[in-house]
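Read-outs: derived from the displayed coordinates by stated rules, not from any lab. For clarity, every value in this text was computed on a predicted model and none was experimentally measured. Cβ atoms come from the backbone with ideal geometry, glycine included; neighbour counts cover every protein chain shown.
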Amino acid sequence: MIMDITIISEVSNDSLHPVTAQMVGAASSIGGPVSVICPGGFGSVEAAKIAGVSKVISIEGDCFDSYDSMAWSGAIEPFIEGDLVLTSSSTLGREISSAIAAKKGFPVVQDITSLDDGISVTRSIFSGKAIEELEVSVPCVLSIRANSFQPADVGGEAEISTVNVSQQVSVAVKEALAKAGERLDVAEADIVISGGRGMGNPSNFSHLYELADEIGAAVGASRAAVDTWEEIPHSMQVGQTGKTVTPNLYIAVGISGAIQHLAGMRSSKYILAINKDPEAPIFGIADYGIVATWEESIPALKEHLSAIMSD
Amino acid sequence: MGVAVLLKQVPDTTAKISVSGSRVDESAITKWSISPYDEYALESAIALKESGVDELVAITCGPQRASKCLTEAASVGADRLIHILTDADFMDSCTLQSILSSAIQRSGCDIVLCGKQAADTNSGSTGPGVASLLGYSCVGSVTEISMDGSKISATRLGNTGLEKIEVGGPCVFTFDKGEVELRRPNVRGIMMAKKKPIESIGIEELGIEIGSPKTSLKSHVSPPEKPPGQKFEGAGSIEIVVSKLRDEANVI
Ligand SMILES: Cc1cc2nc3c(=O)[nH]c(=O)nc-3n(C[C@H](O)[C@H](O)[C@H](O)COP(=O)(O)OP(=O)(O)OC[C@H]3O[C@@H](n4cnc5c(N)ncnc54)[C@H](O)[C@@H]3O)c2cc1C
Ligand SMILES: Nc1ncnc2c1ncn2[C@@H]1O[C@H](COP(=O)(O)O)[C@@H](O)[C@H]1O
């Protein structure tokens, strides 16, 4: 089936998020031509270099200075062509995809992990306790889960057109309370290291930060850690009432493995658990379990991981 | 001014989900609860009511059993309960959102609080979708909300971090887990709630046009069984595990 596909790019820290190339990969597998919209203009040069992209539309305007999902989707919607729209399933991607779908009268399906001609998709429900297979009629909007699709290669030379929009903003930002961490966000990283109450006190998280910096990972936490220690922000919480993460490797340190924690990380490709209690439930879903304290394990892990990664 | 809160009844998060005959087996679910983020939306709606909102309307769409969410909401302070009754086991985003939008219009509320994501669908489509349909503003991932005259301020996790925002007109707020303590109903609240009438409305009574479904459910399946994990004793095993991460799992 050939159809025009529009992708709304995902940006992190002003550059293109890797999920954008994964969206192009997913799109190219079922149709094309593929155009990429870059809200606010961020990442348009990088997007044009993805193989399989035929056109990049860089949308600029004051409305992109702060975040208002209705204003953003209103600015983006007129530039959408074709019958299939893809976004990433980040929080922002989900909001933009739903708003655009509702404006156009299209159905929206979030966080898909596979996509076939037709269109049929699969996605996980009940926090990973089941998977649903859906058939979606075209036209539609889909958001895709990071690390679920093969990325398209670099090597494209798409033309970039820049448009200027003006859009009414109704959400006024009064004050920035805490900047998004300089650190990588758990929902975006390929490797996530999370600490739980077993870390003993919040200052011990510095050991996790050091290890994370060494290997380019993000640091997460259990709810017990977030609730007990003010120093550990809610943005780090992984689980049912925190973030859902799907990294290639999830390292759980001093986390017992309560069902609500598992809800947020069970779909990780590989899970490594470090816990001093051999009976901890986390070992039930870990691919690799190490029965030891973090005090002994983290230094050894740092040593061996950095040795391997610098090879 | 009225505030509407959207509550969805979902299997309790501790419930075991089993699949039988390509559908999740609902009869095996013993406990149903208000979806966790919706509890934060409800708590915040009560706080808004305490700071001067005229009426708090709780809305749910679902089968008969879902009326329990509304009674629970009444026991902590909801004034009016609207139940859109349906036995549909699956609804596409277009259908659900037009039903909920119509129920919100019926309630007369121009402030709407809901969950960021339901614990069964894990979607996060409903809040922004309903806002689009109603022409309201939308603020996502809210952890705190307060009212000052006609303006509402909220703390949200925006794309650049935690922010304090302000909105004037009609708006949908989708809630994340906040710092607030969820209140428990007292005995008097529970007694009063039992007597509170629920407006049960069939979808056909809403007077909206529902097109043919644009998404259909083919099947539910259980997640693939993971091969049993490998367990090692002591920190001395870390060198082996790290080499397995590279050679077996290929993740580093
Ligand atoms: C509605 C609801 C929603 C929830 N949402 C979430 C959520 O989103 N995310 C979440 O995480 N939880 C959530 N919870 C809470 C959850 O039930 C657990 O309470 C929480 O996950 C426990 O955190 P923990 O594993 O860090 O702490 P604990 O359960 O206290 O476990 C600490 C672990 O550390 C180990 N340990 C201790 N010392 C050491 C050491 N020196 N070295 C190595 N290991 C050590 C212990 O053996 C133990 O297994 C939710 C609960 C409810 C009711
Ligand atoms: N059937 C429903 N009845 C009432 N509220 C709902 C329903 N479905 C979704 N919602 C609301 O929308 C939120 C997000 O749902 P979802 O888009 O399915 O993730 C939920 O947390 C509820 O607040």
At 1.567 mPa s and 4 °C, Stokes diffusion of region B:72-143 via Kirkwood alpha-carbon radius, µm² per second: 96 µm²/s
Relative to the present Cα-Cα distance, how much length would full extension add between residue B:29 and residue B:205 at 0.36 nm per residue of separation? 60.3 nm
7 Å from Cα along Cα→Cβ at both residue A:306 and residue A:213: what's the point-to-point distance in nm? 1.0 nm
Can you give the % of DSSP beta bridges in the protein assembly as shown that are antiparallel, to the nearest 5? 35 percent
Return the FRET efficiency for the residue pair residue B:153, residue B:191: r is the Cβ-Cβ distance, R0 is 45 Å, and the value is rounded to the nearest 0.05. 0.80
Computed over region B:11-138, the relative contact order (Cα-Cα under 8 Å, seq sep at least six) in percent reads 24 percent
For region A:1-149, share of DSSP beta bridges that run antiparallel, in % to the nearest 5: 40 percent
Across the Cα atoms of region A:16-66, what radius of gyration and what greatest pairwise Cα-Cα distance (Dmax) are found, in Å? 11.4, 35
For region B:110-170 and region A:212-244, write down the distance between their C-alpha centroids in whole Å. 23 Å
Need one word for region B:179-252: rounded, prolate or oblate. Basis is the Cα gyration tensor (sqrt eigenvalues a ≥ b ≥ c); a/c below 1.5 gives rounded, then a/b vs b/c decides. oblate
By how many nm would the segment from residue A:150 to residue A:175 lengthen if fully extended, with 0.36 nm per residue of separation less the alpha-carbon distance? 5.1 nm
Fraction of antiparallel bridges per DSSP, region B:2-227 only, in percent to nearest 5: 40 percent
MRE, 222 nm, helices only [DSSP H, n ≥ 4, -39500 (n - 2.57), over the protein assembly as shown, to nearest 500]: -7500 deg cm²/dmol
Output row, site residue A:161, 7 Å Cα→C-beta label point, backbone N cut-off 13 Å, window region A:15-42, residues A:35-37
Whole-Hz Karplus ³J(HN,Hα) for region A:226-241, in order, using 6.51 cos²θ - 1.76 cosθ + 1.60 and θ = phi - 60°, x for Gly and Pro? 5, 6, 7, 10, 4, 5, 9, x, 4, 4, 8, 5, 9, x, 4, 9
Hey, how many Å between the Cα centroid of region B:17-48 and the Cα centroid of region A:128-199? 26 Å
If I take all pairs of Cα atoms in region A:1-139, what percentage of them are more than 21 Å from each other? 38 percent
Taking every Cα atom in region A:166-310, find the radius of gyration and the maximum pairwise distance Dmax, and write them in Å. 15.9, 59
Once R0 is set to 41 Å, what does the formula 1/(1 + (r/R0)^6) return for the Cβ-Cβ distance between residue B:146 and residue A:206, expressed as a FRET efficiency to the nearest 0.05? 0.70
Give me the mean projected area, in nm² to one decimal, of the convex hull enclosing the Cα positions of region B:115-252. 17.4 nm²
Averaging over every viewing direction, what projected area does the convex hull of the Cα atoms of region B:2-227 cover, in nm²? 14.2 nm²
Give me Rg over Rh for the protein assembly as shown, both radii from the alpha carbons and Rh done the Kirkwood way, two decimal places. 0.96
Determine one quarter of the surface area of the Cα convex hull of chain A, which equals its mean projected area, and express it in nm² to one decimal. 16.6 nm²
Report the net charge of residues surrounding residue B:194, where surrounding means a beta-carbon distance below 14 angstrom and charges are Lys +1, Arg +1, Asp -1, Glu -1. +3
